[in-house]
Amino acid sequence: MMIEFFTILVIEYEVQGSPLSANIIFETRDHCEKALRIDQLYNVFYDRYENTSMGCYETGVMSQSLRPKLRPE
C-alpha cells in the first residue's frame, strides 16, 4: 500500500461573466483523474459555460498511510 493523499477536483467556469468554481474531494489522485475523464462531466461544462478549466490537485493531507508490519514473535 502506498501513501495516498486527498485530492480535489477543481472546476472553474463562468456564467454570464461571473467566475464560479466547484470543488469535489476524492480520497486518491486516481479517483479524481477517473472522474475528470468522464465524458458527461466534461461535456456539461465545456458545452454550456465559458472559460472552463478542470484539474486534480493533491492536498498534502494523507487519506491512507503505510502501516508498519508487526514483528514476528
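Odds and ends about this structure:
- Qualifying residues in the range 51-73 (those that are under 30 Å from Q16 (Cα atoms) and of a type in the set (S, T, Y)) - the one modelled with the highest pLDDT: Y57
- Condition met for S53 (touching a Phe, Trp or Tyr at 6+ places or on another chain (Cβ under 6 Å) and not in a loop (DSSP other than H, G, I, E, B)): no
- Any hit, the range 25-48, residues being in a strand (DSSP E or B), of a type outside the set (A, V, I, L, M) and under 11 Å from L9 (Cβ atoms): yes
Here is a yes/no grid of residues against (1) exposed (fewer than 13 other Cβ atoms within 10 Å of the Cβ); (2) under 30 Å from S65 (Cα atoms); (3) hydrophobic (A, V, I, L, M, F, W, C):
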{"site": "E14", "(1), (2), (3)": "yes, no, no"}
{"site": "S18", "(1), (2), (3)": "yes, no, no"}
{"site": "I24", "(1), (2), (3)": "no, yes, yes"}
{"site": "H31", "(1), (2), (3)": "no, yes, no"}
{"site": "Q40", "(1), (2), (3)": "yes, no, no"}
{"site": "R48", "(1), (2), (3)": "yes, no, no"}
{"site": "N51", "(1), (2), (3)": "yes, no, no"}
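- Residue-level check: of (1) on the phi < 0 side of the Ramachandran plot; (2) modelled with pLDDT of 90 or more; (3) over 13 Å from the mean Cα position of the chain (by Cα); (4) not aromatic (F, W, Y), G17 misses just (1).
The values are calculated or read from the model by the stated rules, or taken from the named source; none is laboratory data. As the structure is a computational prediction, the values presented were derived from the model and not from experiment. Counting neighbours? That spans all protein chains shown, and the Cβs are built from the backbone with ideal geometry, glycine included.
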